[in-house]
Amino acid sequence: MRTFPARVDPHFDIEEYDPEADLMALNMGPQHPSTHGVFRIKLFLDGETIVKAVGYPGYLHRGVEKLCEKLTYVQITPIFDKHDYVAPMTNEQAVNMAFEKLLGLEVPMRARVLRTILAELQRIASHLLWLGTFTLDIGGTIGGGASLMMYTFREREMILDLFEMLTGCRFHYNTHSPGGNRHDIPEGWETAVKAVLDAIEPRLDEYDALCDNDIFLVRTKDIGVLPPDLALELGQTGPVLRGSGIDHDLRRDAPYHAYDLVNVKVAVDDGCDCLARYRVRVAEMRESLRLVRELLTMIPGGPIIGSKPIKSLVQFKAAKGQVYVGIETPRGELGTYLIGGGDQRGAAPYRLKIRPPSLHAVAAVEYLLPGHMLSDVVTVLGSLDPIMGEVDR
Amino acid sequence: MSIYEQLRERFDLPEEPPEGEPVVIPVDQHVAFATALKEAGFTLYVTVCAAHFPSVQPKAKKGEEPPPMTTEAWEVATVLRSVGTGSETFAWRVRVERPVVPTLYSLFAGADWQEREQYDLVGVVFENHPDMRRLMMPEDWDGHPLRKDYAIDTRVAPWR
Amino acid sequence: MAVDEGPRNYEHPAYDYLEQMPGLSLAMTTVDKVLEWSATNSLWIFPMATSCCAIEFITAAASRVDIDQIGSVVRPTPRHCDVMIVAGTITVKMAPRVKKLWEQMPEPKWCIAMGSCAISGDFYRDIYSVVPGIDTVVPVDVYIPGCPPNPDQVLLGLQRLQDKIRSQRDGVSTEPETRPETAKMILPANKRVGDPDRDPLLTDAQHDASRNLGVGTNTDRAKDARPIGAITEDEAANVRGTVDDK
Ligand code: SF4
């Protein structure tokens with residue numbers, strides 16, 4: 001049984017710290033290249049060791065939840081593209097599944113399989129971007145970290161090209177809608193997907209070679225150790241939770257889309273440190289490649305959007321009730337808590353709360369950083385893979 | 001025995017779970033309810049969602065006296081999840097007329113930032129939370145933007 | 001091996017200055033031209049990268065588009081850089097920081113607004129926490145439209161900035177246009193809260209809608225429901241003033 005160091009109290013009073021110590025308060029961010037956006041951490045240092053860390057999010061708070069209260073359900077999808085801008089596909093799916101549950105809409109099988117494929121492709125693209133920026137954080141632009149980023153962006157562009165073929169957009173797709181998808185699979189798309197998968201697969205082996213690099217190991221092994229019980233209590237999900245040795249993945253445990261047709265193998269690593277999170281993500285990329293291959297063979301015919309396209313808003317106006325739907329995005333469980341407006345509100349939701357996996361991930365820095373050196377901040381923050389658009393919304 | 005039936009033995013819940021929305025429990029049972037769920041295996045903290053219900057004039061039926069104004073209220077919904085194969089969520093709400101709800105921080109450390117966010121945006125105070133500061137807006141911000149009486153069309157002052 | 005001194009089959013601006021002399025080539029030019037050449041071809045970029053546009057900006061700096069080809073390097077510190085690219089939404093919490101970082105950049109400096117959020121606030125324009133356009137905080141030289149702009153548009157934007165710097169050095173004025181029609185177009189068609197010209201009925205109607213009453217109006221609440229954070233009348237006059245002055 002592995003023992004973990006005692007849990008730190010993030011709210012302890014820094015005034016009570018050893019008065020003899022040479023304390024220094026250091027502000028990191030909000031404009032710092034390795035905070036992955038605009039995140040601010042206030043660090044209290046004793047020498048070069050961190051004794052307390054306080055996180056300050058909110059520098060990108062765009063008021064999405066308020067904005068959703070004035071838009072109709074159909075208008076909300078493009079807004080949702082924008083808050084986790086590294087994985088817009090899965091964001092759209094999260095919110096549209098909540099609408100479908102509220103309204104009781106059926107999604108045709110073809111759209112379900114297509115959504116699964118898109119989600120898995122998006123997972124690969126998102127993890128590739130993470131890998132590039134993570135090594136950039138560790139290595140620095142001058143130190144050679146940028147070279148891996150150039151490679152991962154090469155592969156990411158291939159996947160974005162696939163999405164562009166399907167939807168016409170590189171980035172903010174707006175391709176899901178309540179009850180199905182807007183864009184049907186164009187001719188030749190499956191062949192293009194297969195070609196991209198074949199191109200990416202051998203390159204993943206090259207990325208595995210990072211584990212042979214001593215510098216990489218020294219910088220990630222036993223850094224940012226997150227014990228399993230703390231991970232659960234903090235509400236971690238996705239690769240962060242699985243990197244702490246907990247076997248939990250909504251794709252397998254509470255299947256949605258077409259995940260019940262395939263057999264998802266969940267990558268778990270009980271290292272609990274930054275290296276474990278890296279391993280989990282690389283293994284997930286392989287698994288996603290396999291899943292896409294398998295799903296491509298089982299795309300059924302038929303319509304892509306429900307038989308009753310939403311022509312009038314009457315259907316929405318009647319929608320009442322409160323639902324919660326969570327799906328597994330590349331970063332973890334992205335949930336939508338939705339309070340339907342009923343007839344009082346017209347066609348807009350009364351209240352829409354997003355449950356962002358990244359918010360929980362960055363909240364963990366207050367527990368992970370104390371005891372580490374200053375240079376480990378970027379490693380720990382990078383390994384949690386926060387997207388500030390999603391943290392702040 | 002389903003989790004709802006287990007809970008019904010200890011708390012006075014309606015016979016059947018309500019259709020399409022989470023069950024409402026009294027606010028003084030909130031923490032005990034969460035504790036019971038955590039013991040029953042719902043160990044993953046998912047989310048908390050506070051909503052503001054202003055006092056409104058309900059629609060009058062034709063030719064009748066308009067009904068009285070509703071009272072202002074806040075609803076706080078909490079969602080927990082069980083981990084592993086067959087994972088499911090459980091959600092419940094509390095409805096209060098004063099925006100004060102006990103915190104779940106001592107049970108779930110993940111509630112820390114989520115509850116601060118709800119305080120910031122909706123103005124529900126979580127009692128006994130160790131650090132009830134604003135999370136998203138600047139510290140000196142006025143008002144709670146997600147309240148229904150906070151207008152949507154509010155452009156900020158120019159900065160130049 | 002002797003250098004091939006024959007006529008070159010490609011053109012580069014740098015070769016304009018080469019004078020052929022027996023035995024060596026000599027560059028003769030003016031200080032101005034050197035300054036212009038160096039300023040336009042080594043634009044170091046300070047990425048004020050906040051949200052989605054930042055990802056497209058990184059893509060522009062990565063393998064496929066590669067802005068290094070025009071001599072631009074991304075340096076994440078303001079003190080090294082010439083151009084600030086604002087890529088993403090700027091919120092009220094972030095705006096003072098943007099201004100501070102802008103002031104830390106040494107002259108000469110330029111600013112590029114990338115994406116509709118930086119230009120005008122995009123659809124978050126009317127939201128309580130978003131700055132409606134970065135040009136209300138710092139002066140902007142080049143706007144790159146799009147949500148998000150394609151990475152190659154970033155390259156194009158930088159080239160437009162190069163053109164602008166060249167013409168500035170050549171003495172061509174690059175002041176913003178002052179035609180009153182343009183200024184009128186900049187103002188929102190629908191008058192904003194706090195603007196003295198705004199129809200009060202519109203404000204009331206919007207407050208009602210936003211407070212989700214829909215049926216019946218609770219006038220008491222409407223009275224205290226002043227939009228917090230909306231611009232005051234003085235400030236509104238100021239905004240209109242600056243636009244008209246231009
Ligand atoms: S312009 Fe569009 S892509 Fe760019 S930051 Fe704004 S929402 Fe994101």
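Tabulated data
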item: B:THR43 long-range amide H proximity, modeled H, under 5 Å; result: B:ARG81, B:VAL83
item: Heavy-atom accessible surface that A and C bury in contact, both chains counted, 1.4 Å, Å² to 100; result: 3200 Å²
item: Ratio Rg/Rh, restricted to region A:64-385 and using Cα atoms, in which Rh is the Kirkwood radius; result: 0.98
item: Shielding of C:59-65 by partner chains, average beta-carbon count, 10 Å; result: 6
item: Relative packing of peptides C:116-124, A:296-304 - highest average C-beta neighbours within 10 Å first; result: C:116-124, A:296-304
item: For residues of A:348-358, the mean tally of beta carbons on other chains within 10 Å; result: 4
item: Listed residues A:LYS70, A:LYS52, A:LYS82, most fluctuating in chain A (Gaussian network, C-alpha, under 10 Å); result: A:LYS70
item: Per-residue average of Cβ from other chains inside 10 Å of A:269-282; result: 0
item: Viscosity 0.890 mPa s, temperature 25 °C, Stokes-Einstein D of region A:17-58 from Kirkwood C-alpha radius, µm²/s; result: 224 µm²/s
item: log₁₀ of I(q)/I(0) at q = 0.10, 0.12, 0.17 Å⁻¹ - region A:168-306, Debye sum with one point per alpha carbon; result: -0.47, -0.66, -1.10
item: Gyration tensor (alpha-carbon) shape descriptor, region C:41-96, a/c threshold 1.5; result: oblate
item: Intensity falloff of region C:69-153 expressed as log10 I(q)/I(0), Debye formula with alpha-carbon point scatterers, at q = 0.27 Å⁻¹; result: -1.38
item: Accessible area buried between chains B and C, both sides summed, probe 1.4 Å, in Å² to nearest 100; result: 3100 Å²
item: C:ARG75-A:ASP208 pseudo-label distance in nm [points 7 Å out on the Cα-to-Cβ vector]; result: 4.1 nm
item: Efficiency of FRET between A:GLU190 and A:LYS265 - r from beta-carbon atoms, R0 30 angstrom, step 0.05; result: 0.85
item: Once the Cα gyration tensor of region A:237-289 is diagonalised, semi-axes √(5λ) in Å; result: 21, 12, 7
item: Hydrodynamic radius of region B:59-106 per Kirkwood, over alpha carbon pairs, in Å; result: 14.5 Å
item: Tail fraction, Cα-Cα pairs, region A:41-200, threshold 19 Å, whole percent; result: 64 percent
item: Cβ-based net charge around A:ILE223, under 12 Å, with every Lys or Arg adding one and every Asp or Glu removing one; result: 0
item: FRET efficiency, B:PHE11 to B:SER55 (Cβ-Cβ, R0 25 Å, nearest 0.05); result: 0.30
item: Packing rank of A:92-102, A:325-335, where each peptide gets the mean count of other beta carbons within 10 Å, highest leading; result: A:325-335, A:92-102
item: Largest to smallest principal axis extent of the C-alpha atoms in region A:1-134, angstrom; result: 67, 42, 30
item: Peptides C:149-155, B:67-73 ordered by average Cβ neighbours within 10 Å, highest first; result: C:149-155, B:67-73
item: Cα→Cβ-extended label distance, 7 Å offset, between B:GLN29 and A:THR72, nm; result: 4.1 nm
item: Mean shadow area of chain B, taken as a quarter of the surface of its Cα convex hull (nm²); result: 13.8 nm²
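The values are calculated or read from the model by the stated rules, or taken from the named source; none is laboratory data. In this text, all values refer to a predicted model and were calculated from it rather than measured experimentally. Using ideal geometry, Cβ is built from the backbone for each residue, glycine included, and neighbour counts are taken over all protein chains shown. Accessible surface areas use protein heavy atoms only, side chains included; no ligands, DNA or RNA. Shrake-Rupley method; radii C 1.70, N 1.55, O 1.52, S 1.80 Å.
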